[in-house]
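What follows is a set of notes on a single structure, which appears directly below.
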Amino acid sequence: MHLSRDVVLLLTHSGDFFTIDRVAEALARKGAQPFRLDTDKFPLEVQLTAHLDKSKTYHTIEYKNYSISTQQVQAVWTRRIWEPKLSQELAPKFREACVRESKATLDGFWDSLKEADWVDDLERISYANNKLRQLRIASEVGFVIPQTLVTNKAQAAREFFLQVNGKMVSKLLTTLSYSMEANSSFFLYTSTVREEDLQDAESLRYCPMVFQEQISKQQELRVAYVNGNVFVGALNADMYAAAKVDWRKPGVEVGAWQHHQLPDKVVLRLQAFMGRLGLLFGSLDLILTPSGEYVFLEINPVGEWGMLEKDLDLPISSAIADALLPTNH
Amino acid sequence: TEIVPFFARFLAAQTTEETEPWFKL
């Protein structure tokens, strides 16, 4: 089957659900043709061809009996790009090379979509993923940010612990590892640091960590930002145990997501922040303190928002579809 | 805390469920 209508390419993975379906449905309602590409299914199930010569270039994608030319693609949604998944029968000594070559092929292939509208552009996502840059820019646009130390120096960590009066949390800049076989990440959640932990701080020499002052919480906010619009879900901090410093952990009972209206000045800050990063979409985490201050924690340029749409009926997928269709921005 | 990095102590404090894919339809 060959698609003839204008296509919006949805870059995701084979385990994705709900959010990908909602965006595809919203695009179809608006007259576009969504094409889901599960990036982890390349090279075993997705077939790519790229023809280049001095007169023209021609690229095709074939997946699940559908075939498109990248010339048909008007927009691309970067939901998630996963690593190529290879079968067990492949000789182990060639696996790494096959994965590396497949990733390089995918990276090269995206160049054929340079004329499309991206939500968001891969280079901008990479730029925005720098968490130290996030904190700097957030501060520059007027957000309060937690006092933060990133270091591999034990003495600096101990001094910072005293500076924040012993109320300190730790986290990493990245997920720990990625398993292609299980398609899972090993994840270290935000953890409270005790004084006795720092007796072992010399081991920071093997790997740095992020340390931040622990911010008092009235509410935790997840903000889905789409092309200037904000969709906010709030969790009441008193609904879960104080020891659980990270609401995302399994087993943490967080209560119900609630609607939350951000003050205009905070929305303006978010718009300025996203403008500096050049992003149309982002999932941001903020803390509302007991004194009513909004503290910026971080942004994930490809973060989650499905729970906000499902539980609060926030029209996020429709907003993403609007952002993908070029007449809307 | 085999030589391990500083973050290993926090990873060890997590449950396996926490460490190993948030509708949590």
Looking only at the range A:80-104, how many residues end up being assigned to a loop (DSSP other than H, G, I, E, B), surrounded by 12 or more Cβ atoms within 10 Å (Cβ to Cβ) and more than 22 Å from the chain's Cα centre (by Cα)? 2
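Any residue that is hydroxyl-bearing (Ser, Thr, Tyr) and at pLDDT 90 or above - is there at least one of those in the range A:46-55?
Yes, the range A:46-55 contains at least one residue that is hydroxyl-bearing (Ser, Thr, Tyr) and at pLDDT 90 or above.
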Restricting the search to the range A:277-286, which residues are surrounded by fewer than 21 Cβ atoms within 10 Å (Cβ to Cβ) and either at pLDDT below 95 or in a strand (DSSP E or B) (or both)? A:Ser283, A:Asp285
The range A:105-132 - residue that is in a helix (DSSP H, G or I) and among the aromatic types (Phe, Trp, Tyr) and, of those, farthest from the chain's Cα centre (by Cα): A:Phe109
Any residue in the range A:186-206 that is at pLDDT below 85, under 17 Å from the mean Cα position of the chain (by Cα), open to solvent by less than 30 Å² (accessible area, probe 1.4 Å) and within 13 Å of chain B (Cβ to nearest Cβ)? yes
The range A:16-40 - residue that is over 19 Å from A:Asp120 (Cβ atoms) and open to solvent by less than 50 Å² (accessible area, probe 1.4 Å) and, of those, modelled with the lowest pLDDT: A:Gln33
Look through the range A:163-185, keep the residues that are more than 10 Å from every other protein chain (Cβ to nearest Cβ) and at pLDDT below 90, and return whichever of them is nearest to A:Gln214 (Cα to Cα). A:Lys167
Residues (in contact with a Pro (Cβ under 9 Å, 6 or more places away or on another chain) and either at positive phi or of a type in the set (Asp, Glu) (or both)) located in the range A:113-157: A:Asp117, A:Asp120
Restricting to the range A:121-141, count the residues that are under 23 Å from A:Ala50 (Cβ atoms), crowded, with 16+ Cβ neighbours inside 10 Å and of a type in the set (D, E, K, R). 1
Odd one out for A:Lys54 among (1) over 20 Å from A:Ile320 (Cα atoms); (2) open to solvent by less than 70 Å² (accessible area, probe 1.4 Å): (2)
Of the conditions (1) within 14 Å of chain B (Cβ to nearest Cβ); (2) open to solvent by 60 Å² or more (accessible area, probe 1.4 Å); (3) at pLDDT below 90, the single one that A:Lys114 does not satisfy is (1)
Is at least one residue of the range A:220-232 modelled with pLDDT of 95 or more and within 14 Å of chain B (Cβ to nearest Cβ)? yes
If I ask for residues that are of a type outside the set (Asp, Glu), open to solvent by 10 Å² or more (accessible area, probe 1.4 Å) and in a helix (DSSP H, G or I), which ones from the range A:308-329 would you list? A:Lys310, A:Leu312, A:Ser318, A:Ala319, A:Pro326, A:Thr327, A:Asn328
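The values are calculated or read from the model by the stated rules, or taken from the named source; none is laboratory data. Quantities reported herein were computed from a predicted structural model and do not represent experimental measurements. No Cβ is skipped: glycine too gets one built from the backbone with ideal geometry, and neighbour counts run over all protein chains shown. Quick note on the areas: whole protein, heavy atoms, side chains included, nothing else; ligands and nucleic acids left out. Shrake-Rupley method; radii C 1.70, N 1.55, O 1.52, S 1.80 Å.
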